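Taking it in order: structure first as structure tokens, then the write-up.
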Amino acid sequence: MSLNLYIDEVREFMDKAGFSPEVEGEIFKMLEEEFSLLKSSYGNEEKMQHQIYDMLFLLFEIAAKHNMDLDSEWIKGKEKKKKYLIK
């Protein structure tokens, strides 16, 4: 599944649920909180997985607000990584 499809899914959920779009400052605070929870859940795979999901959802929310194309960014990143691969 493409990253952009996840962005669309988050956007659709936010619209259908009637959530008011959070101010990005609030999203960043939420990301900090989720990251702290992720660090504290180290060693518990189930909790870590959930915290990573929560963080991804928030990141996709930011991407949705800005109509970002993360698929093209991922492709650019793949190209950049090639220089680090030993041939």
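Backbone N atoms of the range 40-61 closer than 12 Å to the 7 Å Cα→Cβ label point of residue 19 belong to residues 54-61.
Across the range 3-84, C-alpha contacts under 8 Å between residues 6 or more apart give a mean separation that, scaled by the residue count, equals a relative contact order of 41 percent.
The magnitude of the dipole of the range 3-84, with charges of +1 and -1 set on the Cβ of Lys/Arg and Asp/Glu and taken from the Cα centre, is near 580 debye.
The local environment of residue 40, defined by Cβ-Cβ distances under 15 Å, has a net charge of -4 under the rule Lys, Arg +1 and Asp, Glu -1.
Using the structure shown, select from 39/65; 39/78; 39/81; 47/83; 16/82 the pairs with a Cα to Cα distance greater than 30 angstrom. Violating the 30 Å limit, Cα to Cα: 47/83; 16/82. Each Cα pair of the chain feeds into the Kirkwood radius, which the Stokes-Einstein equation turns, at 25 °C and 0.890 mPa s, into a diffusion coefficient of 167 µm²/s.
Bear in mind that the values in this text are calculations on the coordinates, not laboratory data. Given the structure is predicted, the values throughout are model-derived calculations rather than measurements. Here Cβ is always computed from backbone atoms with ideal geometry, including for glycine, and neighbour counts include all displayed protein chains.
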